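The values are calculated or read from the model by the stated rules, or taken from the named source; none is laboratory data. Since the structure is predicted, the reported quantities are computational estimates derived from the model, not experimental observations. So basically every Cβ, Gly included, is an ideal-geometry build from the backbone, and we count neighbours across all protein chains shown.
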Amino acid sequence: MKPSFLTRLKYSLYFMTKIPMIFRARPRIQRLDREEIQILIPFRRRNRNHVNSMYLGALVVGADLAAGLLAVEVTRGGRGRVTPIFKDIKGEFFRRTEDDAVFICREGAAIRSMAEEAIRSGERVTAPITVSVYESKRLQDEPSARFELSLSLKKKE
């Protein structure tokens, strides 16, 4: 489901004021629901490196944003509030990303169960979340990269 204008505006303002590094990459939320997120980071001069492919920093920003926004969306409005944080990140690169990058995370159900466990136990719950990166022209092909982020959730006091 494509997010509403107000949702996109709310996140853009948040990025601009709180996390300007994300705002600089100019991400666009293409799909956002409680199961999946798709974010596009355009292939522009500011996101390219010296060999004309997507800069590693832009790829990491996209992976962080995809997993983080999905966690926020899934845990929002639940029985209790949880705080998401990333403990580590691992990346595999299969080929150069030479076009707009689409970051896809389909871990909504896993995040939901993590949040329920964190609320029930009161302890921090950590699990790996996978984000795949595709070139916008090759969405049906193999991914250009895959990131695994260790998402950690803890109930807010």
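For the reader, a short list of remarks on this structure follows.
- Matching residues, the stretch 1-25, being among the basic types (Lys, Arg) and either under 14 Å from GLU135 (Cα atoms) or not in a loop (DSSP other than H, G, I, E, B) (or both): ARG8, LYS10, LYS18, ARG24
- Within the stretch 110-129, being closer than 20 Å to LEU65 by Cβ, crowded, with 17+ Cβ neighbours inside 10 Å and either touching a Cys at 6+ places or on another chain (Cβ under 8 Å) or charged (D, E, K, R) (or both) holds for one residue alone: ILE129.
- Members of the stretch 39-59 found to be crowded, with 17+ Cβ neighbours inside 10 Å and either in a helix (DSSP H, G or I) or among the aliphatic types (A, V, I, L, M) (or both), listed by number: ILE39, LEU40, ILE41, ASN47, MET54, ALA58, LEU59
- Selected residue (criterion: modelled with the lowest pLDDT) from residues of the stretch 86-130 that are of a type in the set (Lys, Arg) and part of a strand (DSSP E or B): LYS87
- Among the candidates THR75, THR83, residue that is farther than 10 Å from ILE129 by Cα, surrounded by fewer than 15 Cβ atoms within 10 Å (Cβ to Cβ) and among the β-branched types (Val, Ile, Thr): THR83
- Count of the stretch 25-53 residues which are touching a residue at least 60 places away in the same chain (Cβ under 8 Å), farther than 18 Å from LEU6 by Cβ and touching a helix residue (DSSP H, G or I) at 6+ places or on another chain (Cβ under 7 Å): 4
- Residue satisfying all of: in the stretch 19-38; in contact with a Lys or Arg (Cβ under 7 Å, 6 or more places away or on another chain) and over 15 Å from VAL102 (Cα atoms); surrounded by the most Cβ atoms within 10 Å (Cβ to Cβ) among these: GLU35
- Residue tally, condition under 17 Å from LEU56 (Cβ atoms) and surrounded by fewer than 18 Cβ atoms within 10 Å (Cβ to Cβ), over the stretch 89-109: 11
- Selection status of ARG146, assigned to a strand (DSSP E or B) and either of a type in the set (Gly, Ala, Ser) or crowded, with 16+ Cβ neighbours inside 10 Å (or both): yes
- Complete set of residues in the stretch 117-157 that are farther than 30 Å from ASN52 by Cα and of a type in the set (S, T, N, Q): SER121, THR126, SER152
- The residues in the stretch 26-53 that are under 13 Å from the mean Cα position of the chain (by Cα) and under 21 Å from GLU135 (Cα atoms) can be counted, and the count is 12.
- Test: residue in the stretch 87-100 that is more than 29 Å from SER4 (Cα to Cα) and of a type in the set (Val, Ile, Thr): yes
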